[in-house]
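Colleague: Before anything else, here's the structure in question.
Since every read-out is calculated from the coordinates, none of them should be taken as a lab result. All of these numbers come straight from a predicted model, not from anything done at the bench. Every residue, glycine among them, receives a Cβ derived from its backbone with ideal geometry; neighbour counts consider all protein chains shown.
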Amino acid sequence: MFKKEPNRLPLPNITPDGKRMFISLIILAVLLIATGIVMPSMISISRFSSITNGQLTVLLASLGQTLVLLIGGIDLSVGGVICIINSLAAVAMPESGLGIILFCLGCVAIGLAIGGFNGFIVTKFNVQPFIVTFTVNYILLGISQLILGRDGGAPAKAFTKVLMASFGPVSLGVILVVFIIVMWTLLRRTKFIRDVFAVGTNAKASAMNGINVVKVKLIAFAISGGCAALAGLWRTAQLGSGSPTAGNALTTPTLTIAVIGGTSMMGGIGGMYGTVVGAYILRIISDLLTFLGTKSFWSTVFQGIFLVATVVVCSVIDRKNRSK
Amino acid sequence: MADFEMRGISKSFGNVHALVDADFSANKGDIMGLLGENGAGKSTLIKVLAGVVKADSGEVELFGKPVDHTTPKAAMRAGIRVVHQELSLVRSATVAENIFITEDEKTFTRKTLKDLNKRAQELFEKIDVDDLDPSAYVNTLPLASCQKIEIIKALAFDFDVLVLDEATSALTEKDAEWLFNLMEKLAAQGKILIFISHRLQEVNRICTRIIVYRNGTDVKVADKGELSTDEIVTEMLGRKMSGYYPEKENLMQDTVVLHVEDIRNETLNGISFDLHAGEILGVGGLSGQGQTALFEALYGAAKYTGAIEVGGKKTRMTHPSVALANGIALVPEDRANQGLVLPLSVKENISLASLSEFVKGGLLNFKAENAAVDEMIKELQIKTDTPEVPVVNLSGGNQQKVVLAKQLLAKPDILLMYDITRGVDVGTKREMFNLMVEHCRKGKAVLFFSTDTEELTHMCNSVYVMYEGRFKAHLKDDEITAENIIRASVGESAV
């Protein structure tokens with residue numbers, strides 16, 4: 001029976017994704033303990049700051065990826081967007097303060113436009129997101145090569161300096177991660193995000209309940225493009241140079257991170273807290289493997305195994321939830 | 001013993017008993033008419049025979065030997081052919097390829113297309129078909145031809161029993177005539193034919209015997225002409241449990257809240273009606289006569305031409321959000337796929353259609369949302385541990401209540417209710433009926449479709465009966481009887 005004063009959880013819809021995130025937190029804890037044992041010097045705030053700065057590129061892109069996964073789509077063009085923005089920033093960024101700000105806004109606008117284009121093709125012509133974003137990614141890679149022939153170039157000095165700023169041992173990256181968590185907490189309280197979950201779970205029922213499914217999907221894809229553009233900008237500041245192929249190897253990790261963080265590839269389950277945790281998990285795994293002296297390709301093998309294991313565990317949890 | 005017998009067939013889907021110890025028998029040369037209301041068990045019986053559904057118990061015998069009907073393939077090998085209502089043609093293949101598609105693959109690969117065309121042409125000559133080209137692609141043909149191909153497909157190989165499940169619904173008159181001649185010819189050759197149709201005239205004309213199903217079992221077998229149309233209708237209807245309906249009262253006012261004029265689309269052939277404040281307007285008829293299309297058009301979920309006026313204002317229903325904004329809410333046919341987002345919580349589902357009401361300064365006001373949700377849960381007595389439980393964990397009746405709660409929270413002036421009592425227990429039914437009356441007492445209106453004629457007679461101010469995409473009858477006051485609804489449902493005129 002329905003109790004008068006139900007014990008409400010602080011977050012809406014914690015049930016399935018809450019459990020999934022719990023798993024990723026446990027994995028993170030285990031990995032941290034392992035790190036603490038084999039290389040205790042790694043456990044420090046400054047080390048955390050540097051890891052955060054390093055992972056923020058892929059994390060930013062993963063946030064958009066997570067949103068697209070939540071609506072039941074997939075965005076394979078995030079790598080291409082990172083390439084374009086990184087190349088552009090390395091060759092065309094002005095030196096003046098106002099110029100830098102306007103340039104960055106322009107980059108985000110480009111990302112939003114590319115994502116919006118993905119969403120438009122997906123919704124208007126009812127094409128599989130996989131195919132649309134996969135092919136758009138090729139276009140983006142080509143354009144990146146046109147902008148920047150080979151690795152090189154340099155962004156404005158002030159741009160790098162500001163983004164790589166540090167407050168004591170705490171880097172700006174860490175502050176941004178905190179900002180991301182706060183933002184997601186707020187966003188969870190908007191109608192848009194609630195609609196995202198509904199659309200990702202059952203688009204037809206959502207439409208029957210008055211939700212504009214096309215709009216929700218379009219916005220999700222656009223935001224993913226915007227997030228990837230931010231990732232491209234961060235990558236530029238972090239490495240101080242451009243590469244037309246910078247994002248190539250980043251698309252798959254965005255999926256890995258989202259899924260390790262508990263977001264379902266089937267849509268409707270997951271969230272950004274998990275994605276943040278997932279980004280750290282991925283990094284710690286590769287650090288641990290490097291420390292243990294394994295060759296770098298082993299890192300990829302383990303990441304893959306890890307991804308499969310997570311997907312299996314989540315799938316088992318889902319089945320249990322359903323059969324209840 | 002008869003040549004073909006189905007004995008003691010039972011089949012349950014969860015708590016729903018689709019078939020209860022049902023029998024069916026026929027002899028060589030019989031054209032058996034299988035009759036019954038929606039949910040009487042006709043389709044399930046045929047699906048069991050065709051190997052599509054596995055029966056819980058019972059046996060099937062043909063010429064004294066048990067029939068292997070464990071899979072569709074096995075049933076076909078045993079000489080049973082079924083023409084289902086739904087088309088199952090490969091649309092990108094030719095007519096000839098479709099006709100011989102059931103042939104074993106081994107032999108199929110050796111035949112050239114030309115050979116198939118020749119064989120199809122031979123078959124056409126044998127069964128008097130002269131308006132089909134074997135090499136035509138199915139996706140270039142109209143629906144009526146497709147249904148004809150579906151029938152020819154069943155005749156391509158030797159068989160003993162042929163079942164035609166609503167096979168005439170899409171045929172032209174000429175093709176229907178062709179089919180009846182063919183059926184008589186086949187019967188004369190000693191085949192056993194089973195004919196299911198909602199058109200009583202057709203059944204009376206072609207069938208040599210009829211069998212009536214009701215509540216999952218056979219209730220009457222009769223020879224041709226033994227029963228009048230009235231008697232058949234009475235047998236189909238039977239006597240049903242009643243007594244959980246609220247007392248009928250007239251809450252109808254003169255104000256027209258919904259004016260519908262000449263709505264048409266692929267399924268609807270010109271629907272017009274007025275819905276008044278305080279009125280419960282019933283829509284009856286067998287399922288599949290356009291009720292789904294009508295409700296979806298009114299709710300903005302299907303395309304249409306024609307005019308819809310809500311409260312005197314002309315409104316174009318382009319999307320469910322438009323309907324909701326104009327105070328029209330729908331309790332849809334498919335609860336699991338259209339009404340609810342099953343994995344989401346009770347709370348999230350209840351507030352789904354009215355979420356924007358709870359947005360304050362860009363953020364959702366959880367407190368207001370929770371309060372509203374709690375109130376609906378209490379008002380409709382939805383049984384759930386907490387509002388955070390995923391809806392999928394609730395019982396069918398409670399899930400339906402969540403759909404209702406969601407639509408009521410959107411505070412609609414007009415409730416479109418599509419077969420809301422399907423798979424719902426008696427107690428919940430009573431609560432839903434009371435709710436409908438309370439809704440009308442507030443001067444709001446209900447458009448109520450039900451496959452259960454009893455519900456319509458007890459609840460409605462007047463009833464429209466749908467037949468082939470249009471209103472066949474408009475029953476008022478004393479005319480609203482189960483007999484009249486059933487008669488109009490099968491294309492007869494009301495008394």
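Colleague: Below 17 Å, Cα to Cα, which lysines can residue B:360 reach? Residues fewer than 8 away in the same chain don't count.
Modeller: Candidates past the 8-residue exclusion: A:191.
Colleague: Averaging sequence separations of C-alpha pairs under 8 Å and six or more residues apart, then dividing by the length of chain B, give the relative contact order as a whole percent. Walk me through the intermediate numbers first.
Modeller: Numbers: 949 pairs, mean separation 76.3, N = 495.
15 percent.
Colleague: Calculate how steeply helix B:113-126 sits against the longest principal axis of the alpha-carbon atoms of chain B, using the helix alpha-carbon long axis, and give the answer as 0 to 90 degrees to the nearest 10.
Modeller: That helix lies at roughly 90 degrees to the long axis.
Colleague: Enumerate by residue number the GluC sites (Glu not before Pro) in the range B:66-166 meeting two conditions: DSSP loop (anything except H, G, I, E, B), and at most 10 other Cβ atoms within 10 Å of the site's Cβ.
Modeller: Details: sites: B:86, B:97, B:103, B:105, B:122, B:125, B:150, B:166; in loops: B:86, B:103, B:166.
Those that pass, being in a loop and sparsely packed, are B:86.
Colleague: Considering only DSSP states other than H, G, I, E and B, which trypsin sites (Lys or Arg not before Pro) in the range B:302-333 qualify as loop sites with at most 10 other Cβ atoms within 10 Å?
Modeller: Values: sites: B:303, B:313, B:314, B:316; in loops: B:303, B:316.
Here the trypsin sites (Lys or Arg not before Pro) that fit, given the DSSP loop and packing criteria, are B:316.
Colleague: For residue B:121 and residue B:442 in the same chain, what is the full-extension length gain: residue separation times 0.36 nm, less their Cα-Cα distance, in nm?
Modeller: Working: separation 321, 0.36 × 321 = 115.56 nm, distance 6.57 nm.
The span from residue B:121 to residue B:442 would gain 109.0 nm if fully extended.
Colleague: Total Lys pairs in the range B:181-265 closer than 26 Å by alpha-carbon, pairs eight or more apart in sequence or interchain only?
Modeller: Eligible lysine pairs with Cα atoms under 26 Å apart amount to 5.
Colleague: Full-extension gain between residue A:130 and residue A:302, please, as 0.36 nm times their residue separation minus the C-alpha to C-alpha distance.
Modeller: Gain on extension, residue A:130 to residue A:302, equals 59.4 nm.
Colleague: Considering Cα pairs under 8 angstrom that are at least six residues apart, work out the relative contact order of the range A:48-247 and quote it in whole percent.
Modeller: Relative contact order for the range A:48-247 comes out at 49 percent.
Colleague: I'd like the FRET efficiency for residue B:102 and residue B:13, computed as 1/(1 + (r/R0)^6) with the beta carbon distance as r and R0 of 25 Å, rounded to 0.05. Provide the component values of the computation, followed by the final result.
Modeller: On the way: r = 27 Å, r/R0 = 1.10.
E between residue B:102 and residue B:13, to the nearest 0.05, is 0.35.
Colleague: Let me ask something additional. Is there a simple number for the mean count of other chain Cβ atoms within 10 Å of the Cβ of residues in A:207-218, and what is it?
Modeller: 6
Colleague: Can you tell me the length gained on complete extension of the stretch residue B:70 to residue B:272, counting 0.36 nm per residue apart and subtracting the Cα distance? Please report the intermediate quantities before stating the final value.
Modeller: Values: separation 202, 0.36 × 202 = 72.72 nm, distance 4.73 nm.
Extra length from residue B:70 to residue B:272 when fully extended: 68.0 nm.
Colleague: So what are the three principal axis dimensions of the range B:336-389 from its Cα atoms, in whole Å, longest to shortest?
Modeller: 32, 25, 16
Colleague: Another question, if that's okay. Treat every Asp and Glu Cβ in the protein assembly as shown as -1 and every Lys and Arg Cβ as +1, leave all other atoms uncharged, and give the resulting dipole magnitude about the Cα centre to the nearest 20 debye.
Modeller: Values: 80 positive and 80 negative charges, 805 e Å.
The dipole of the protein assembly as shown has a size of about 3860 debye.
Colleague: Also, quick follow-up: Could you give me the percent of Cα pairs per 20 Å distance bin for the protein assembly as shown, shortest bin first, beginning at zero and ending with the bin that holds the maximum distance?
Modeller: 13, 35, 33, 16, 2
Colleague: Among A:156, A:275, A:130, flag the residue with its Cα farthest along the positive direction of the charge dipole of the protein assembly as shown, charges on Cβ as +1 for Lys/Arg and -1 for Asp/Glu.
Modeller: Of the candidates, A:156 comes out farthest on the positive side.
Colleague: Here's something else I'd like to know. At a Förster radius of 45 Å, what calculated FRET efficiency corresponds to the Cβ-Cβ distance of residue B:303 and residue B:2, to the nearest 0.05? Before the final figure, lay out the partial values.
Modeller: On the way: r = 49 Å, r/R0 = 1.09.
Efficiency, from the Cβ-Cβ distance: 0.35.
Colleague: May I pose another question? In whole angstrom, note down how far apart the Cα centers of the range B:134-201 and the range A:224-256 are.
Modeller: 62 Å
Colleague: Can you compute the modelled spin-label distance between residue A:46 and residue A:182, with each label point 7 Å from Cα toward Cβ, in nm?
Modeller: It is 2.7 nm.
Colleague: For a label point 7 angstrom out from the Cα of residue B:92 toward its Cβ, which stretches of the range A:115-140 have the backbone nitrogen within less than 20 Å?
Modeller: Counting backbone N atoms under 20 Å from the label point, the list is A:125-132.
Colleague: Next up: Checking the cross-link filter: which lysines have an alpha carbon closer than 18 Å to that of residue B:411, excluding same-chain neighbours under 8 positions apart?
Modeller: B:347, B:378, B:401, B:442, B:444
Colleague: Now for a different question. Between residue B:431 and residue B:21, how many nm apart are label points set 7 Å from Cα along the C-beta direction?
Modeller: Going from the residue B:431 label point to the residue B:21 one covers 3.4 nm.
Colleague: Right, another one. Just to confirm the filter: which trypsin sites (Lys or Arg not before Pro) across the range B:353-387 are DSSP coil and have at most 16 other Cβ within 10 angstrom of their Cβ? Could the numbers behind the result be given before it?
Modeller: Details: sites: B:360, B:367, B:378, B:383; in loops: B:383.
Those that pass, being in a loop and sparsely packed, are B:383.
Colleague: Something else: To the nearest 0.05, how large is the calculated FRET efficiency for residue B:337 and residue A:95 if R₀ is 56 Å and r is the Cβ-Cβ distance?
Modeller: Numbers: r = 57 Å, r/R0 = 1.02.
Here the calculated transfer efficiency is 0.45.
Colleague: Can you compute log10 of I(q)/I(0) for chain B with the Debye formula, treating each Cα as one identical point scatterer, at q = 0.07, 0.08 Å⁻¹?
Modeller: -0.44, -0.58
Colleague: How many nm separate the modelled label positions at residue A:109 and residue A:212, each set 7 Å beyond the Cα in the direction of the Cβ?
Modeller: Each label point lies 7 Å from its Cα, and together they span 2.2 nm.
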